[in-house]
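*Asks:* Sharing a structure here in structure tokens format.
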Amino acid sequence: MTSSAHVKTPENAIEAHNIVKRFDGELAVDGIDLKIKKGSIFGILGPNGAGKTTTLRMLLGIIDPDEGERFLLGSADPISKAHQVGYLPEERGLYQSMKAFDAIGFMGALRGLPLAEGRKRGRQMMIDHGLGDAVDKQIRQLSKGMAQTVQLLGTIVHDPDLIILDEPFSGLDALNQGKLERLIRGQADKGVTVIFSTHVIAHAERLCEDIAIVANGKIPFTGKVSTARDRLRPQVHLETRNLEGPWRSAIPADCQPLGHNWHFTLPESGVEPLLRALIEGDAGIQSLSIERPGLHDAFVHIAGEAAAKKMEEDSALEGEAA
Amino acid sequence: MIETIRASFVIARRDFSAIILSKSFFFFLLGPLFPLIIGIAAGGLGQQVRQDIDQPVIGVALEEGQSAKLLEARKALAKNLGNNALPELLLLPDTDPDDPNISAKLDTADKPLTAIISGSLEAPLLTGSEQDVRRWSGKVALLSETALSGSSPVAVKTGFVTETNSSNKRGQLFTAQAGQAVLVLLTMILAGMVLSNLVEEKTNKIIEILAAAIPMDAIFLGKLFAMLGMALVGITVWSSLGLLGGSIIGLNLGNLPVPAVGWPLFSILMVAYFSMAYLLLGSLFLGIGAMATTVREVQTLSMPVTMGQLLVFFLAFSAITKLGEPIEWFAVIFPFSSPFAMIARAAQMDNIWQHGLALVWQAMFTLIIIRFSVMLFRRNVMKSGNSARKKSLLARIRG
């Protein structure tokens, strides 16, 4: 793969240009373009089967794209940058007979950390994360949550510059999800770029500055969370004493009251003209709130109802499994 | 390249420790004991059975004087031919040498009889089943002749020389066959284990972590060298125990025929060619096994793979006495039979340079197989590249 068509920029941890992947002739990833800045927490949002994992696997060099080019930390050969990268795959895997601290050391050794140092760090990290009692236990003796934490620690034991987590919250209970969020923030505070995929919008909303929305193998949106939200107008919730009056012209014509309550999209003209019209037109404002759309609303708007529904179903299924 | 070597060492170290420190490794080391015990037991039983069959008891129904002569003749012949080469003789007193119903005695004597000699020494009549009579009539004739002549067998004087060109060549051929047999046996026992070597990584999903962290070549190389290390540990333990056992029972290794390159170099070449045979077959097996999606597929593949191994070994065996002939050159050049053919050469030819060349050729081919296996694995299992196929290996073979 060459960089003939595009120039990679040093401030980007990841760049992908029109990458395509087919399995058995079916498009899994359909011409994705992606730029992820260094030092950010970046969320890849989409339902299961949208192409998130395939995209991440291509970015990491586990598989090669059929078309297009990608650069990881400036290199077209992602494996050559493996020492600077930590990766937690969606399907967790550890050698069952290994001791927990040894598994962390081994994962560090794979990425260039001396084994003895990795084991030492592994022990300390487990103690720091409240798993001191499990340090010398074999992986098969650990609970699922503990094993996942061990794998996560193995992902960061070598102090990578870039961490890629594929559905990291999957299978974790609320307590461990909170711990993971803190860990991600902690890494970002140290200047590490964190990229994670998720089908739970709340995680992306809480953690990310930038996101990519993936649906049907394409990325219909990439950018700041605020930009995604800004694609939708804020929603106005108004309660008035009067139902008629000159102020009605400030409200969309098709908006009908529910009792004395009105719900409508904030007009293009903004808040001030609306307020002025309501006050001067004697609407008798009882209460007024203007809600900025959430990421979920933005997702529905950008990816479509079907993708949003699928993502909700995935979350519900995962909740049941957990 | 350096990173590939470093990473393969990480994999090899993990695999090697996992194998060596496992309880099953102890049973692996005990493995050769089982055929040894079975062999000794079966050998003992076989010898007993052979003794029962090969040294039959023949009843003697002759006149008293002739019977005594026949016993004397047996005693004299046994000195030169060995006791086991002649049938045991049992006198049947009170039996008429001309009894027309002599066959009835076959079942009524103190011991079960194979046959009965009756009549006279000049015209002995051997009565028994057709098979036994055909088998022993020659020996009975020899006994009768000796008994009639009354002479003792001539004593042969012996003179020994340390070695001749002919005995050297025969000895080296024996060493070549023995060396090749040992290599073949060890490779057959140990290389097949590599087939299932990537199954754990695939079933535990660890392959994803490995594939994201290190070059795929390093995974294959590391696994191969870990298995080679395990095999060499096993061989070291077995040969040490063998030497110890040999010294306890007073086995004199100095009597073994010296190979053409001498024992020290031959021993080194045995290790080198075993390693190469193991790496060559192992890399092929690893590549095939890596393509299998389940343990069941690996098991199904074991049989054709073993048959393939046998073909290679037959090729090397058939070439052993044909030094320099086209078939032998083919066995030397064909990578999979090359180590076996070359160890036979080491026993029979004293030039050393050819071994360096052969080892380089074999190492090169190992790397080619690994590269090819990695390419197939990435494309077919990891679904990387343009022509990824979502089919199992068997499905792909079936088309």
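Every read-out reported here was derived from the displayed coordinates using simple, explicitly stated rules and does not represent laboratory data. All of these numbers come straight from a predicted model, not from anything done at the bench. Methodologically, a virtual Cβ is constructed for each residue, glycine included, from the backbone with ideal geometry; neighbour enumeration extends over all protein chains shown.
*Asks:* Ratio of Rg to Rh for chain A, alpha carbon only, Kirkwood?
*Replies:* Working: Rg = 23.9 Å, Rh = 22.0 Å.
Reported Rg/Rh, Kirkwood definition of Rh: 1.09.
*Asks:* Between the helical axis of B:33-54 and the dominant principal axis of chain B, each derived from Cα atoms, what acute angle in degrees is found, rounded to the nearest 10?
*Replies:* Computed tilt is about 20 degrees.
*Asks:* Related question: I'd like the Kirkwood hydrodynamic radius of segment A:157-304, using the inverse of the mean 1/r over distinct C-alpha pairs, in Å.
*Replies:* Numbers: mean 1/r = 0.0545 Å⁻¹.
With all distinct Cα pairs of segment A:157-304 included, I get 18.3 Å.
*Asks:* Which parts of segment B:188-202 would a label at A:ARG140 reach, counting a residue when its backbone N lies under 19 Å from a point 7 Å out along Cα-to-Cβ?
*Replies:* Correct set: B:196-202.
*Asks:* I've got another one for you. So which GluC sites (Glu not before Pro) in segment A:237-303 are both in a DSSP loop and have at most 10 other Cβ atoms within 10 Å of their Cβ?
*Replies:* Here the GluC sites (Glu not before Pro) that fit, given the DSSP loop and packing criteria, are A:GLU244, A:GLU268.
*Asks:* Largest first and in whole Å, give the semi-axes of segment B:57-149's equivalent ellipsoid, each being the square root of 5 times a Cα gyration tensor eigenvalue.
*Replies:* 19, 15, 12
*Asks:* Additional query: Could you tell me the calculated FRET efficiency between A:ALA316 and B:THR306, based on Cβ-Cβ distance and R0 = 60 angstrom, to the nearest 0.05?
*Replies:* E(calc), rounded to 0.05, equals 0.75.
*Asks:* For segment A:150-201, what is the Kirkwood hydrodynamic radius in Å, using each pair of distinct C-alpha atoms?
*Replies:* In segment A:150-201 this quantity evaluates to 11.4 Å.
*Asks:* Please state, as a whole number in µm²/s, the translational diffusion coefficient that the Stokes-Einstein equation yields for chain B at 4 °C and 1.567 mPa s, with Rh defined as the Kirkwood radius across alpha carbon pairs.
*Replies:* 49
*Asks:* Arranged by the count of other C-beta atoms within 10 angstrom, fewest first, what order do B:THR108, A:THR222 take?
*Replies:* Going from sparsest to densest Cβ surroundings: B:THR108, A:THR222.
*Asks:* Across the residues of A:89-101, average count of Cβ atoms on other protein chains within 10 Å?
*Replies:* Counting Cβ atoms of other protein chains within 10 Å of each residue's Cβ and averaging gives 4.
*Asks:* Kindly state, to the nearest 0.05, the FRET efficiency for A:LEU175 paired with B:PHE372, given R0 = 56 Å and r defined as their beta-carbon distance.
*Replies:* Working: r = 49 Å, r/R0 = 0.87.
Between A:LEU175 and B:PHE372 the formula returns 0.70.
*Asks:* Over the Cα atoms of segment A:188-255, what is the Rg over Rh ratio if Rh follows Kirkwood? Before the final figure, lay out each step's value.
*Replies:* Working: Rg = 19.2 Å, Rh = 15.8 Å.
Over the Cα atoms of segment A:188-255, Rg/Rh equals 1.22.
*Asks:* Among A:ILE251, B:ILE20, A:ILE195, which comes first, then next, by fewest other beta-carbon atoms within 10 Å?
*Replies:* B:ILE20, A:ILE251, A:ILE195
*Asks:* In degrees between 0 and 90, to the nearest 10, how far off the longest principal axis of chain A does helix A:305-321 point, with axes built from Cα atoms?
*Replies:* Helix A:305-321 and the main axis of chain A meet at about 50 degrees.
*Asks:* How long is segment A:1-134 along each principal axis, judged by its Cα atoms, biggest number first, in Å?
*Replies:* For segment A:1-134, the Cα spread along each principal axis is 50, 32, 23 Å.
*Asks:* On average, how many beta carbons from a partner chain sit within 10 Å of the beta carbon of a residue in B:202-208?
*Replies:* 6
*Asks:* Let me ask another. Treat the count of other C-beta atoms within 10 Å as a stand-in for reagent exposure and order A:HIS199, A:HIS260 from fewest to most.
*Replies:* A:HIS260, A:HIS199
*Asks:* Normalising by the residue count of chain A, find the relative contact order in percent from Cα pairs under 8 Å and 6+ residues apart.
*Replies:* For chain A, the relative contact order is 20 percent.
*Asks:* Any chance you could list P(r) for the protein assembly as shown, counting all Cα-Cα pairs in 20 angstrom bins from zero, rounded to whole %?
*Replies:* With a bin width of 20 Å, the distribution comes to 13, 30, 24, 15, 10, 5, 2, 0.
*Asks:* Taking the radius of gyration and the Kirkwood hydrodynamic radius from Cα positions alone, what is the Rg/Rh ratio for segment B:293-384, to two decimal places?
*Replies:* Result: Rg/Rh = 1.10.
*Asks:* Now for a separate question. Gaussian network model of chain B, Cα springs within a sub-10 Å range: biggest mean-square fluctuation belongs to which of B:GLU208, B:GLU88, B:GLU200?
*Replies:* Greatest mean-square fluctuation among the candidates belongs to B:GLU88.
*Asks:* Tell me which lysines have Cα within less than 24 Å of A:LYS218's Cα, excluding those fewer than 8 residues away on the same chain?
*Replies:* A:LYS8, A:LYS21, A:LYS35, A:LYS37, A:LYS38, A:LYS52, A:LYS309, A:LYS310, B:LYS383, B:LYS390
*Asks:* How many nm separate the modelled label positions at B:ALA78 and B:SER240, each set 7 Å beyond the Cα in the direction of the Cβ?
*Replies:* For the pair B:ALA78/B:SER240, the computed spacing is 4.7 nm.
*Asks:* Compute the FRET efficiency between B:THR321 and B:SER149 as 1/(1 + (r/R0)^6), taking r as their Cβ-Cβ distance and R0 = 45 Å, and round to the nearest 0.05.
*Replies:* Efficiency computed from Cβ-Cβ geometry: 0.55.
*Asks:* Let me ask another. Binning at 5 Å from 0, report for segment B:167-398 what percent of all alpha-carbon pair distances ends up in each bin.
*Replies:* 1, 7, 13, 17, 17, 14, 11, 8, 6, 4, 2, 1, 0
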